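The values are calculated or read from the model by the stated rules, or taken from the named source; none is laboratory data. Here the structure is a predicted model, which means the values were calculated and not measured. Because the Cβ atoms are built from the backbone with ideal geometry, glycine has one as well, and the counts that use them run over all protein chains shown.
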Number of protein chains: 2
Amino acid sequence: MRATPFLRNIPRSATSSPSATFRERVRRPGYLSKFAQPTDLAPLFKNGDYIGWSGFTGVGYPKMCPTAIADHVESNNLQANPETKKKFNLFVGASVGPEVEDRWAALDMIARRYPHQVGKEVSKGINAGRIEFADKHLSMFPQDLTYGFYSRNKPKAEHSKPHKPLDWAIVEATAVTEEGWIVPGASVGATPEILQSADKIIIEVNTAIPSLEGLHDINQSFLPPHRQPYLITHPSDRIGTTAIPIDPDRVVAVLESRAPDNTGPNAPETPESRAIASHLIQFLLDEVAVGRLPSNLLPLQSGIGNVANSIIGGLAEGPFEKVQVWTEVLQDTFIRFLDTGKLEFATATSIKFSPEGFDHFYNHWAEYKDRLLLRSQQVANAPELIRRLGIIAMNTPLEVDIYGHANSTCALGSRMLNGLGGSADFLRNAKLSIMHTPSTRPTKTDPHGITCIVPFASHIDQTEHDLDIVVTEQGLADLRGLSPRERAPVIIEKCAHPEYKGLLMEYYDRSLHECLKRGAGHEPHMLRNAFKLYTNMLEHGTMKIKAWDP
Amino acid sequence: MRATPFLRNIPRSATSSPSATFRERVRRPGYLSKFAQPTDLAPLFKNGDYIGWSGFTGVGYPKMCPTAIADHVESNNLQANPETKKKFNLFVGASVGPEVEDRWAALDMIARRYPHQVGKEVSKGINAGRIEFADKHLSMFPQDLTYGFYSRNKPKAEHSKPHKPLDWAIVEATAVTEEGWIVPGASVGATPEILQSADKIIIEVNTAIPSLEGLHDINQSFLPPHRQPYLITHPSDRIGTTAIPIDPDRVVAVLESRAPDNTGPNAPETPESRAIASHLIQFLLDEVAVGRLPSNLLPLQSGIGNVANSIIGGLAEGPFEKVQVWTEVLQDTFIRFLDTGKLEFATATSIKFSPEGFDHFYNHWAEYKDRLLLRSQQVANAPELIRRLGIIAMNTPLEVDIYGHANSTCALGSRMLNGLGGSADFLRNAKLSIMHTPSTRPTKTDPHGITCIVPFASHIDQTEHDLDIVVTEQGLADLRGLSPRERAPVIIEKCAHPEYKGLLMEYYDRSLHECLKRGAGHEPHMLRNAFKLYTNMLEHGTMKIKAWDP
């Protein structure tokens, strides 16, 4: 194998050598000469570099190299001096573990971070103006990266021909094939496109978890006008290979990692989440009864959080057999769903289990592997497939308005939480687009200080044209086929908390009256009052206003 | 052929007989016995009936039967009495000619109208609360119809087994095959799914225009879990038949029509629309130069209106060869684009030419027919295909906000204009999502009373996650890869009218300051002022406010 010019500059530490498992997992002999220590690599990353990581929902991300870079920055106190300060442009399919991403943010090492994140320090940096963040439909992020949309202003690297969108890809693998291709860990995410887009590749082979070879389905990602159909008509269909093809010449270092994915426990169920799940399962039963859904439903997508856990938990015990799952991420409750035999097959782009869940999964890996498949987020979240398969999509927003617009990202219109994720990929294209949320959330002074059913969502990520069903612990509103004037009373009546029903109906009634009077009554609003619940919240810590007009 | 029980109730007028052309065009002999007069059919439509029409953007819709129903209602003064009043639930792929739809609205004959409409009386009825209207992504409307989402509350017809979503389909044809299948006119739209969904079918064979047999590509529309990929990788690919398959037993009447599609002239170009087109063509040239687009571009989608005309007009003379078009509707300027040879192939779901354009087109039909193809709106607007082909999508909104959210439907948040159409199908899934608008619009008292660049769009149909490029006559803002804090200054600087630039920058600066102060600066807003331009407009007839805070 020809060494890249760059490779010659990487020092080879002689102090540590790869384990026997590493030698067994890395089946391409040429890569063994690229074995390196993370500490040797850390100084090579330059201020302003464009870096892509593997990882999705906090699993399958690189741990050694990002940690070594942070250690290097911290121990040399680089951030104190504008001349030595390092800030990077960081691109990952979705979120990664807080010990790397949040630490980078705390050290102010992130100039730009796309398209999704989880972590207090990262969101603090974004909302404080230190980190440029843009959230993007997760199905689109990888293509926009390969299109060069994120690297329009990236300086051209001297040694790079042709110009690549990323300087570096740092990815976790659980094995490497004879061809030098990468077998990912418990997520695929945007890793194929990040590898395709990077000038230099660093591989962290994680020998603490089993080789997950066979779990993944990796298809080639072409650019228009050369794209081909995804020939998938069932969640278990495969269209690719079990490893990610890469050009071995671009691999500049291979590390050994034994650090686990730093996941936490799943969100515990609550009486509210169980009530929501119960409304939803009843709704699905009713749809089967009237013949609008087959008796084994259609493939399910379910988001993250306690409501999702309650729903999947309910289905694990529930009335439907041979259920299919086509989703973005699998949580612990899916293990039970598989174990009870109700779930036949599940595909996603990531498995985010708790530490105990992963222990169980890895110990019983042989039993699960033929009923699971991980795909890239470009495929898992593809509008093409979500629509073709007729997915039932279920996600949690921050708030939904009385006409069916939803906010999934920005509290009070401005403060970014985690980002859009794949919610709009699924909700736009599903056969049944379902949003579930508690009807209220507490503030410091009021256990129901925030209503999640509002007159006009303070940020809109999903529109009225995308949602079919809204459900809270109060009830379920079926919006299919309803006009805006029909939707508002149904949403308020079925979903709003009793403490807000009157306020919301008064908003609607007054808006209707005013708008009809001026011949503008299609989607009635009093724009002067549309955001009044929020301004009251900012001033008084609750959305309970005294009156709509003074 | 077995006559349906219903058919026996239709009187057969002896006063008029089909023309020779009709007999030639209707190749299924059994249909000749179903020849009927529209006046005989009119009384059969009952209050509350669910009716689907063919038609899209005012072409290819039925004229005879809807007119006869309106005549019947009007001449018998049915609407004066609640007991005789007739209001129908009307479903059409998009808009139809005003002489039928607007007349129905003026006679208060429309209870419900989905998913798009054009006409003063229809929008008046919607905004006055007389017509329930919901706009929907045009790719989704046909599937939601076949899913039964629009007929959840429809009473079950006595003689109908199984229960169909529509009582009636009334469709225009330019020919009928031996199998009894329907060759549409100048639009396909939702006609296949409307026919599939209807209990009883009435065919209007239009003998005043040529048989357009061979122009259409009709694929079968399956429901999940039985959907198949659309095997299209080039705009000229065919995946279906040239006529719409139907069950001949459901055809209850066949009429002869000689009424033309009632189209008007195309919107004339203006200096503004030419300036927008010029910015856009320069942008496309630049993208080709840096290698992000092939030299013949990627398939183009272009909306309706004078800006679209200027763009296509510019391209007809322009620097790109062998251009492909994948769009929703073709206007007159496409004739020139075809004639200059720059446009190689165009596919759409409708051809909406001016009367002169149609004359030219029908007279030269043989020359054009191998370079054109009409598909159903479910396929023309399919996310699957728009994304696979890497479409360049260009549409006009009412307004765009400083972060890249767009309003395509509701003036001042409430007054419905025409509906969403296919704008969000294309903008969400295109490789390049472009919105073009004049930077201002006039009010009664101020030639620049309305700014189309606003702080917070009063209704949101396309989100910040969907738009790449905003262009006005002032300039072009390239938003790709930018965070919200980066987008706002670029949109204001490049796109806003000089009379509003200061106001908008002040809104952004003050919002930024306030939101950073409370650690919520991702997408800065002053919610108390976010809609102030609109409330000023409602009170004072202009968006030019004196100050953001009193």
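Could you tell me whether any residue of the stretch B:27-47 is within 30 Å of B:Ser139 (Cβ to Cβ), assigned to a loop (DSSP other than H, G, I, E, B) and modelled with pLDDT of 95 or more?
Going residue by residue through the stretch B:27-47, those that are within 30 Å of B:Ser139 (Cβ to Cβ) are B:45.
Next, only the ones that are assigned to a loop (DSSP other than H, G, I, E, B) stay: B:45.
If we keep only those that are modelled with pLDDT of 95 or more as well, we get B:45.
There is at least one residue in the stretch B:27-47 that is within 30 Å of B:Ser139 (Cβ to Cβ), assigned to a loop (DSSP other than H, G, I, E, B) and modelled with pLDDT of 95 or more.
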- Note on the structure: Out of (1) in contact (Cβ under 8 Å) with a residue 60 or more places away in the chain; (2) out of contact with any Ser or Thr (no Cβ under 8 Å at 6 or more places or on another chain), the one B:Phe426 does not meet is (2)
- Query: For B:Asn529, which of the numbered conditions (1) within 36 Å of the chain's Cα centre (by Cα); (2) surrounded by fewer than 24 Cβ atoms within 10 Å (Cβ to Cβ); (3) in a helix (DSSP H, G or I) fails to hold?
  - Reply: (3)
- Report those strands (runs of 3 or more DSSP E) wholly inside the stretch A:310-418 carrying at least 3 residues which are farther than 30 Å from A:Tyr534 by Cβ and away from every other protein chain (no Cβ under 13 Å). A:343-348, A:372-375
- Message: For the stretch A:280-303, which positions are among the aliphatic types (A, V, I, L, M), surrounded by 19 or more Cβ atoms within 10 Å (Cβ to Cβ) and away from every other protein chain (no Cβ under 14 Å)?
- Response: A:Leu280, A:Leu284
- Message: Based on this model, can you work out whether A:Asp286 counts as in contact with a Gly (Cβ under 6 Å, 6 or more places away or on another chain) and not assigned by TED's automatic domain parsing to the domain that holds A:Ser408?
- Response: no
- Item | Matching residues, the stretch A:432-458, being of a type in the set (A, V, I, L, M) and part of a loop (DSSP other than H, G, I, E, B) | A:Ala457
- Item | Top-ranked residue in the stretch A:118-139 [being among the hydrophobic types (A, V, I, L, M, F, W, C) and more than 8 Å from every other protein chain (Cβ to nearest Cβ); ranked as surrounded by the most Cβ atoms within 10 Å (Cβ to Cβ)] | A:Leu138
- Can you name the residue in the stretch B:219-261 that is over 16 Å from B:Asp370 (Cα atoms) and assigned to a strand (DSSP E or B) and, of all such residues, is nearest to the chain's Cα centre (by Cα)? B:Ile244
- Top-ranked residue of the stretch A:433-455 - restricted to ones that are closer than 25 Å to B:Ala406 by Cβ and within 14 Å of chain B (Cβ to nearest Cβ), ranked as farthest from the chain's Cα centre (by Cα): A:Pro455
- Item | the stretch A:187-213, residues that are out of contact with any His (no Cβ under 8 Å at 6 or more places or on another chain) and either free of Cβ contacts under 8 Å to residues at least 24 places away in the same chain or among the hydrophobic types (A, V, I, L, M, F, W, C) (or both) | A:Ala190, A:Ile194, A:Leu195, A:Ala198, A:Ile201, A:Ile202, A:Ile203, A:Val205, A:Ala208, A:Ile209, A:Leu212
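Does any residue of the stretch A:110-117 turn out to be in contact with a helix residue (DSSP H, G or I) (Cβ under 6 Å, 6 or more places away or on another chain) and either among the acidic types (Asp, Glu) or crowded, with 24+ Cβ neighbours inside 10 Å (or both)? Walk me through how you get there before you give the answer.
Applying the first criterion (in contact with a helix residue (DSSP H, G or I) (Cβ under 6 Å, 6 or more places away or on another chain)) to the stretch A:110-117 yields A:110, A:115.
Cutting the leftovers down to either among the acidic types (Asp, Glu) or crowded, with 24+ Cβ neighbours inside 10 Å (or both) gives us A:110, A:115.
Yes.
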- Query: If A:Asn381 satisfies every condition in (1) more than 20 Å from A:Gln143 (Cα to Cα); (2) under 21 Å from the mean Cα position of the chain (by Cα) but one, which is the exception?
  - Reply: (1)
- Query: If you go through the stretch B:490-511 one residue at a time, do you hit one that is touching a residue at least 12 places away in the same chain (Cβ under 8 Å), in contact with a helix residue (DSSP H, G or I) (Cβ under 9 Å, 6 or more places away or on another chain), facing chain A (nearest Cβ under 8 Å) and closer than 24 Å to A:Asn153 by Cα?
  - Reply: no
- Message: Given the criteria without any contact (Cβ under 8 Å) to a residue 60 or more places away in the chain, in the same structural domain as A:Val205 (by TED's automatic domain parsing) and either under 13 Å from A:Trp104 (Cα atoms) or of a type outside the set (S, T, N, Q) (or both), does A:Ile69 qualify?
- Response: yes
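Return yes or no: is B:Ala277 out of contact with any Asp or Glu (no Cβ under 6 Å at 6 or more places or on another chain) and buried (at least 21 other Cβ atoms within 10 Å of the Cβ)? Break it down stepwise before answering.
Values: out of contact with any Asp or Glu (no Cβ under 6 Å at 6 or more places or on another chain): yes; buried (at least 21 other Cβ atoms within 10 Å of the Cβ): yes.
Taking the combined requirement at face value, the residue satisfies it.
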- Only one of these is at pLDDT 95 or above and β-branched (Val, Ile, Thr): A:Thr15, A:Thr21. Name it. A:Thr21
- Note on the structure: How many residues of the stretch A:67-78 are in contact with a helix residue (DSSP H, G or I) (Cβ under 8 Å, 6 or more places away or on another chain) and more than 13 Å from A:Lys46 (Cα to Cα)? The answer is 3
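Give the stretch B:519-544 a look and list any residue that's facing chain A (nearest Cβ under 8 Å) and charged (D, E, K, R), or say none. Steps first, answer last, please.
Looking only at the stretch B:519-544, we keep the residues that are facing chain A (nearest Cβ under 8 Å), and these are B:519-525, B:527-528, B:530-531, B:534-535, B:538.
Result: B:Glu523, B:Arg528.
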- Query: Which of the residues belonging to the stretch B:456-475 are within 14 Å of another protein chain (Cβ to nearest Cβ) and either out of contact with any Leu (no Cβ under 7 Å at 6 or more places or on another chain) or closer than 14 Å to B:Ser439 by Cβ (or both)?
  - Reply: B:Phe456, B:Ala457, B:His459, B:Ile460, B:Thr463, B:Glu464
- Query: Somewhere in the stretch B:194-202, is a residue within 14 Å of chain A (Cβ to nearest Cβ) and either closer than 22 Å to B:Gln378 by Cβ or part of a loop (DSSP other than H, G, I, E, B) (or both)?
  - Reply: yes
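Residue-wise test of (1) in contact with a Pro (Cβ under 9 Å, 6 or more places away or on another chain); (2) outside the structural domain of A:Glu99 (by TED's automatic domain parsing).
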residue	(1), (2)
A:His163	no, no
A:Trp168	no, no
A:Ala173	yes, no
A:Trp181	yes, no
A:Ile203	yes, no
A:Leu231	yes, yes
A:Arg250	no, no
- Given the conditions (1) within 30 Å of A:His497 (Cβ to Cβ); (2) surrounded by 24 or more Cβ atoms within 10 Å (Cβ to Cβ); (3) not aromatic (Phe, Trp, Tyr), which single one is not true for A:Leu412? (2)
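Yes/no matrix, rows are residues, columns are (1) charged (D, E, K, R); (2) farther than 25 Å from B:Val183 by Cα; (3) in contact with a helix residue (DSSP H, G or I) (Cβ under 7 Å, 6 or more places away or on another chain); (4) in contact (Cβ under 8 Å) with a residue 60 or more places away in the chain:
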site: B:Pro248; (1), (2), (3), (4): no, no, yes, yes
site: B:Val251; (1), (2), (3), (4): no, no, yes, yes
site: B:His279; (1), (2), (3), (4): no, yes, no, yes
site: B:Val288; (1), (2), (3), (4): no, yes, no, no
site: B:Asn306; (1), (2), (3), (4): no, yes, yes, no
site: B:Asp332; (1), (2), (3), (4): yes, no, yes, yes
- Output for the stretch A:200-220, where each listed residue is surrounded by fewer than 19 Cβ atoms within 10 Å (Cβ to Cβ), within 18 Å of A:Gly189 (Cα to Cα) and not charged (D, E, K, R): A:Gly214, A:Asn219, A:Gln220
- Item | Residue tally, condition within 14 Å of chain B (Cβ to nearest Cβ) and touching a Leu at 6+ places or on another chain (Cβ under 6 Å), over the stretch A:203-224 | 1
